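First up is the structure itself, then whatever we jot down about it.
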Amino acid sequence: MSITPWWRSAVVYEAYIRSFADGNGDGLGDIPGLRSRLPYLADVGVDAIWITPWYPSPMADAGYDVADYRSIDPRFGTLAEARALLTDAHDLGIRVLLDIVPNHTSDQHPWFVAAVRAGRGSPERARYLFREGRGRGGSRPPNNWVSVFGGSAWTRVRERDGKPGEWYLHLFAPEQPDLDWSQPDVRTDFETTLRFWFDLGLDGFRIDVAHSLIKAGGLPDIPADMQDGVSGRPAGHPHWDRDEVHDLYRRWRSIGNSYDEPRIFVAEAWVDEPERLARYVRRDELHTAFNFEFLQTAWLAPPLRNTIERTLTEHARVGAPPTWVLSNHDVVRSVSRYAREQTGDRMIFLENLLGKPADATLGLRRARAAALLMLALPGGAYIYQGEELGLQEVEDLPTEALTDPTWERSGRTRRGRDGCRVPLPWDGDRPPYGFGAGPGHPWLPQPDTWAEHTVAAQRDQPDSTLSLYREALRIRHLHPALGDGSLRWLPAPDGALAFAREPRFRCYVNVSAAPLALPVKSTVLLASGPLDAARMLPPDTAVWVDQAA
Ligand code: GLC
C-alpha cells in the first residue's frame, strides 16, 4: 500500500519570526518565543510551520538580506535554540520549513564585501552581477531594470581609487545584491547550506523569489510590454521565470531526495499563468509552489471557479498537488482585501486599498468563508500567522514606524508591507498583548483595538475565527475526502460554488447577494457563519456538509 507523502496535503503555518512571539522582551520575535508557543500551533492543528529568515542580517529587508546562511542572528537566538525548536516541533508532530534566500545576499555578506574590495574583473565580483555603466563615463545604469521596491535595479560602487566604478544589480534593495547563478561556487555553496540545515533535522525550505535566479545572457533591456509587475509575463522576460532556472531545482530535489525522510521545497514564484507555475512542480523538480493566483482573485464566483479549475488542471498534468494561499507577509491581509468592493482590480498591496471604503464586518465574513473554501480544496494550504485570528491590515501605522524599504524607495508613495507584519496579540487588553515579556515595545506598534482578537479572547469562543480554523483543521485531518485528491463541481446557482469530494464531502460557498438553499438531506459539519432556520446559506458564507452520494 502506498502512503501519500505528508506534503501533498499539508497545512503549513507561516511563522513570521519577527512578529510571532518575543521570548526575551526586546520587542522582536525570536526562537525562544516561537518555541514557547509551539503547543498553540499544535492545538490549532497545523502540520508544519514555515519560519521566515532567522539568519544574521543587517535587516535592510527584515532579514531577507542574509549575511551568513549557516548561522542564526543573535537577535533571534542561537543554533542550540534552533535545534531545540526542531526537536520540540517534531515531538509535537509539527514539521519545520525554513526560508532560503538564493537570489541575493546582504551587502554585508563576506562575498559581497570582498567583491567590492577586489575590483573589476576579479573572481570575487564574478559571483555577483557587476557591469560597466552606459553613457559618458559609465554614468548611467547598465540597463533599464527596476527594483521591486522602486527605482533602478543598479547601484554604482566606488573603486579603490575613490572614483565611481562598476554598477551591481539588485532586483530588490541596494543592500540585496543579486548573485550570478552561472557561477559554480555559488551553486555549490548553496548546496552546502541546504545540507547543513537538513542535517540538523530541518524538513524543507521555502525558496524566496524562486523564479528570479537566472538572468538572460547579456542582461538585455526589458521590452516595453514586459515592464509591469514581478511575474514575467509574457514568457521570455530577461529575469523573471526563465526556463534555465528549472535545472537548479532538479539538482535541489535530488539533494532533498537523498535523505531517508525526503526533504521538501515550496517555491515562491510569482508567475501569472498556472501553466508556468506547474513547471516548478514537475516530478523531478520542487514539491509545491504557492498559488498566488488564488490570493489575487476577487471574491466573485466566476473568477474564483476559473482560478481553481485552471490550477487543478495544470497541477494534475504534472502530478503535483496545488498549494492554496490567502495571505502572507508581503500582501495585505485578506480581511482588509475582502472588506472592499470586489471589482476584479488588483488588490494585493496597501496602495491598492487606501481610499476605498471598507466594511470590516463584511471583510471578516468573506475571509472566514474563503478559509473554508481553501481548506476544502485538493492539495495543501498555507496560513499566515494572524489569519486564524481574523486580523486586519493595520492601514494607519505612523509613517515614522514604517520599516519596509518600499516606503523610502518609492519616494514615500507606497507604504509597503509593514501593515500585515504587526506583532501578534496573544492575551491582555492592551499592547503588547502578551507578544513579549518585559518592557520592550513591539518593533511595530499594535493597534489599541486588538483586545478582542487575542488568542486568549478567542480560544474558548465557539464562534471565533480561531475556533473556526481549529475545527476546520480537525475535520480535515479526520475526513478521508480532504487533503490530496480531486473534486467534482456540482450544479449551483449563479454566484455560488459547490463541489463534491468523495466520500460524502460537499462544500458550498455563497459568493452571491442572496441566500442559497442547502440540499435537504445533508448534515452540516462546519459553517463559516450562522445558517438561518430554513437551512439557507447566507451571502458570503461557506459550509462543509456530509452527504450521501
Ligand atoms: C520575497 C519575500 C519578501 C522579500 C523579497 C526579497 O518576496 O517574501 O519579503 O522582500 O523576497 O527577498
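The values are calculated or read from the model by the stated rules, or taken from the named source; none is laboratory data. On a predicted model such as this, the values are computed, not experimentally measured, just so you know. With ideal geometry, Cβ positions are generated from the backbone for all residues, glycine too; neighbour counts draw on all protein chains shown. We work out accessible area using only protein heavy atoms, side chains counted, and drop any ligands, DNA or RNA first. Shrake-Rupley method; radii C 1.70, N 1.55, O 1.52, S 1.80 Å.
For region 435-447, the set of residues classified as at pLDDT below 95 and either assigned to a loop (DSSP other than H, G, I, E, B) or of a type in the set (A, V, I, L, M) (or both) consists of ALA437, GLY438, PRO439, GLY440, HIS441, listed by residue number.
Please go through region 94-106 and give me each residue that is open to solvent by less than 10 Å² (accessible area, probe 1.4 Å) and away from the ligand (no atom under 16 Å from the Cβ), ordered by number.
Within region 94-106, the subset open to solvent by less than 10 Å² (accessible area, probe 1.4 Å) is 94, 96-106.
Matches in region 94-106: ILE94, VAL96.
Say we look at region 395-414 and pick out the residues that are within 16 Å of the ligand (Cβ to nearest atom) and free of Cβ contacts under 8 Å to residues at least 40 places away in the same chain; which of these is nearest to ASP448 (Cα to Cα)?
In the first step, residues of region 395-414 are kept if they are within 16 Å of the ligand (Cβ to nearest atom); the result is 402-410, 414.
Then drop every residue that is not free of Cβ contacts under 8 Å to residues at least 40 places away in the same chain, which leaves 402, 407-408.
On the way: LEU402: 18, TRP407: 24, GLU408: 27 Å.
Across region 395-414, the extreme among qualifying residues is LEU402.
Taking GLY33 as the residue in question, decide whether it is in contact with a strand residue (DSSP E or B) (Cβ under 8 Å, 6 or more places away or on another chain) and crowded, with 24+ Cβ neighbours inside 10 Å. Yes: the conditions hold for GLY33. Checked against (1) touching a Ser or Thr at 6+ places or on another chain (Cβ under 7 Å); (2) more than 16 Å from the ligand (Cβ to nearest atom), ASP26 passes all but condition (1). Against the definition (farther than 28 Å from ILE255 by Cβ, acidic (Asp, Glu) and within 27 Å of the chain's Cα centre (by Cα)), how does GLU175 come out, yes or no? Criteria met by GLU175.
Looking at this structure, is ALA472 crowded, with 18+ Cβ neighbours inside 10 Å, touching a strand residue (DSSP E or B) at 6+ places or on another chain (Cβ under 7 Å), of a type outside the set (Asp, Glu) and assigned to a loop (DSSP other than H, G, I, E, B)? Considered against the rule, which asks whether it is crowded, with 18+ Cβ neighbours inside 10 Å, touching a strand residue (DSSP E or B) at 6+ places or on another chain (Cβ under 7 Å), of a type outside the set (Asp, Glu) and assigned to a loop (DSSP other than H, G, I, E, B), ALA472 comes out as no.
Just one of the listed residues (ALA339, ALA316, ALA369, ALA381) is touching an Asp or Glu at 6+ places or on another chain (Cβ under 7 Å), of a type in the set (A, V, I, L, M, F, W, C) and in contact (Cβ under 8 Å) with a residue 60 or more places away in the chain, and it is ALA369. Filtered by the rule that a residue be open to solvent by 60 Å² or more (accessible area, probe 1.4 Å) and in a loop (DSSP other than H, G, I, E, B), region 175-222 gives GLU175, SER182, GLY217, GLY218, ASP221.
Residues in region 52-93 that are of a type outside the set (Phe, Trp, Tyr), open to solvent by less than 30 Å² (accessible area, probe 1.4 Å) and away from the ligand (no atom under 13 Å from the Cβ): PRO56, ALA67, ILE72, ASP73, GLY77, ALA82, ALA84, LEU85, LEU86, ALA89. Identify all residues within region 321-350 that are within 16 Å of the ligand (Cβ to nearest atom) and part of a helix (DSSP H, G or I); write none if there are none. Hit for region 321-350 is LEU350, nothing else.
For the structure I just gave you, tell me whether TYR259 is over 30 Å from VAL509 (Cβ atoms) and of a type in the set (Ser, Thr, Tyr). Judged against the criteria, TYR259 is a match.
Take the residues in region 249-269 that are within 16 Å of the ligand (Cβ to nearest atom) and either assigned to a loop (DSSP other than H, G, I, E, B) or among the basic types (Lys, Arg) (or both); name whichever of them is surrounded by the most Cβ atoms within 10 Å (Cβ to Cβ). I'd like the intermediate steps shown before the answer.
Step one: filter region 249-269 for residues within 16 Å of the ligand (Cβ to nearest atom), giving 265-269.
Now drop any that are not either assigned to a loop (DSSP other than H, G, I, E, B) or among the basic types (Lys, Arg) (or both), which leaves 268-269.
Values: GLU268: 19, ALA269: 27.
Checking each candidate, the answer is ALA269.
The set of residues from region 42-51 being of a type in the set (A, V, I, L, M) and either surrounded by fewer than 22 Cβ atoms within 10 Å (Cβ to Cβ) or in a loop (DSSP other than H, G, I, E, B) (or both) comprises ALA42, VAL44, VAL46. Per the conditions (1) modelled with pLDDT of 95 or more; (2) part of a loop (DSSP other than H, G, I, E, B), the sole criterion not satisfied by ASP272 is (1). Say whether the condition of being loosely packed, with under 15 Cβ neighbours inside 10 Å and within 19 Å of PRO238 (Cα to Cα) is met by at least one residue in region 121-132. Within region 121-132, one or more residues are loosely packed, with under 15 Cβ neighbours inside 10 Å and within 19 Å of PRO238 (Cα to Cα). Once region 1-32 is narrowed to residues that are under 21 Å from the mean Cα position of the chain (by Cα) and part of a helix (DSSP H, G or I), the residue that is nearest to GLN458 (Cα to Cα) is PHE20.
Residue-by-condition table, conditions (1) touching a helix residue (DSSP H, G or I) at 6+ places or on another chain (Cβ under 8 Å); (2) within 21 Å of GLN392 (Cα to Cα); (3) at pLDDT below 95:
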| residue | (1), (2), (3) |
| --- | --- |
| LEU424 | yes, yes, no |
| TYR433 | yes, yes, no |
| ALA451 | yes, yes, no |
| SER467 | yes, yes, no |
| LEU473 | yes, no, no |
| HIS477 | no, no, no |
| LEU487 | yes, no, no |
| ARG501 | yes, no, no |
| CYS507 | yes, no, no |
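Yes or no, residue by residue, for (1) farther than 19 Å from ARG470 by Cα; (2) open to solvent by 20 Å² or more (accessible area, probe 1.4 Å):
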position: ARG488; (1), (2): yes, yes
position: ALA500; (1), (2): yes, no
position: LYS521; (1), (2): yes, yes
position: LEU525; (1), (2): no, yes
position: LEU531; (1), (2): yes, yes
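When only residues in region 150-174 that are of a type in the set (A, V, I, L, M, F, W, C) and touching a residue at least 40 places away in the same chain (Cβ under 8 Å) count, which is surrounded by the fewest Cβ atoms within 10 Å (Cβ to Cβ)?
VAL157
Within region 443-464, the only residue that satisfies the criterion of being open to solvent by 60 Å² or more (accessible area, probe 1.4 Å) and over 21 Å from ARG365 (Cα atoms) is ASP448. The listed residues are ILE264, ILE255, and the only one of them that is out of contact with any strand residue (DSSP E or B) (no Cβ under 8 Å at 6 or more places or on another chain) and under 22 Å from PHE196 (Cβ atoms) turns out to be ILE255.
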